[in-house]
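*Asks:* I am attaching a structure below and will ask some questions about it afterwards.
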Amino acid sequence: MSTIYNQILKAKTENKKLLAVLLDPDKIDLNNIQQLIEKINQSPATHIFVGGSLVENNILDELVLEIKKNCDLPIVLFPGNPSQISNKADAILFLSLISGRNSDYLIEHQVNAVPILNKTSLEIISTGYILIESGAETAVERVSKTKPLNRNNPEYILQTAQAGEMLGKKLIYLEAGSGAKVSVSKEIIALVSKNITIPLIVGGGITNFKDIEKTHKAGADLVVIGTAFENNLNFFNK
Ligand code: 1GP
């Protein structure tokens with residue numbers, strides 16, 4: 001069976017670039033979901049990520065089911081904590097915030113998620129999640145109570161990514177934070193992508209097509225777009 005992770009690996013080998021639309025359940029109005037899915041279906045997106053730093057409403061299962069009804073793209077959970085797990089999705093980025101030193105986000109939430117995950121058939125994709133300074137405090141920083149890595153110290157960012165790979169993570173996610181003022185620099189993306197062998201996800205503060213293209217070109221295997229699509233459902237209309 002071809003898993004979602006194997007598809008990402010295959011795309012990396014073939015140098016096919018991937019694009020995920022991130023949907024935050026807290027910001028979705030289920031009444032408009034048809035229109036939103038239609039826009040995603042017309043877009044170049046290859047994946048749908050679902051999640052957010054907090055997620056306070058209770059529509060996760062319903063949202064995933066609605067997407068599944070009308071869209072064939074793989075649905076990958078991108079959870080801020082164990083309350084954001086739905087067995088209706090296809091896979092989960094099992095994140096460890098390896099840029100931070102808060103044990104809750106390094107291992108505690110993951111331990112607490114196990115009994116929930118054991119009851120699902122979600123594909124679990126171990127992901128080293130690295131938060132990088134982006135000009136102002138972001139929700140990830142606030143919620144996780146961790147400091148992002150200094151964007152002027154690319155060597156340390158690379159060391160962190162390589163530590164993630166050595167620990168057995170299957171993906172590295174360079175995150176500037178949702179709505180970040182400054183996205184992860186192309187120099188950092190290039191340095192990390194050249195020096196790890198696992199696929200690289202990059203997101204946070206990417207707001208236009210040119211930037212998506214440049215991020216891919218710099219070495220990201222998969223780019224994540226959240227806020228720009230949230231703010232403008234016509235974002236993908238050329
Ligand atoms: C956030 O990387 C994602 O976790 C997407 O960020 O909302 O800024 O696109 P944006």
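*Asks:* Taking 7 Å along the Cα-to-C-beta vector as the label spot, tell me the Glu137-Lys194 distance in nanometres, rounded to one decimal.
*Replies:* Reported label-point gap for Glu137 and Lys194 is 3.6 nm.
*Asks:* Just to verify a number: FRET efficiency for Asp211 and Gln7, C-beta to C-beta distance, R0 = 22 Å, to 0.05?
*Replies:* 0.35
*Asks:* Could you give the distance between the Cα centres of the range 1-22 and the range 189-238, to the whole Å?
*Replies:* When both Cα centres are located, 14 Å separates them.
*Asks:* A follow-up question, please. List the equivalent ellipsoid semi-axes of the range 87-147 in whole Å, largest first, each obtained as the square root of 5λ for an eigenvalue λ of the Cα gyration tensor.
*Replies:* With the √(5λ) rule applied to the range 87-147, the semi-axes are 25, 12, 9 Å.
*Asks:* Then there is this: Please report, as a whole percent, how much of the solvent-accessible surface of the chain comes from carbon and sulfur atoms (probe radius 1.4 Å).
*Replies:* Roughly 50 percent, rounded to a whole number.
*Asks:* With respect to the cross-link table entries Lys10/Lys238; Lys119/Lys194; Lys119/Lys169; Lys119/Lys238, which display a Cα-Cα separation exceeding 31 Å?
*Replies:* Lys119/Lys194; Lys119/Lys238
*Asks:* Another question, if that's okay. Based on the alpha-carbon gyration tensor of the range 84-238, what equivalent-ellipsoid semi-axes (square roots of 5 times the eigenvalues) come out, in whole Å, largest first?
*Replies:* 24, 20, 16
*Asks:* Could you list the residues of the range 201-223 with an amide nitrogen less than 14 Å from a label point located 7 Å from the Cα of Lys16 in the Cα-to-C-beta direction?
*Replies:* 222, by backbone N distance to the label point.
*Asks:* Give me the extension gain from Asn102 to Asp26: residue separation times 0.36 nm, minus the current Cα-Cα distance, reported in nm with one decimal.
*Replies:* In short, 24.9 nm is gained.
*Asks:* A further question on this structure: Determine which residues of the range 88-114 fall in the zone a paramagnetic label at Leu167 would reach in this model, i.e. backbone nitrogen under 17 Å from the point 7 Å along Cα→Cβ.
*Replies:* The answer is 93-114, whose backbone nitrogens lie closer than 17 Å to the label point.
*Asks:* What accessible area per residue, rounded to a whole number of Å², is obtained for the range 90-213 using a probe radius of 1.4 Å?
*Replies:* 47
The values are calculated or read from the model by the stated rules, or taken from the named source; none is laboratory data. For clarity, every value in this text was computed on a predicted model and none was experimentally measured. Ideal geometry is used to build each Cβ from the backbone, glycine not excepted, and the neighbour counts take in all protein chains shown. Each accessible area value is taken on the protein alone, full model and side chains, heavy atoms only, with ligands, DNA and RNA left out. Shrake-Rupley method; radii C 1.70, N 1.55, O 1.52, S 1.80 Å.
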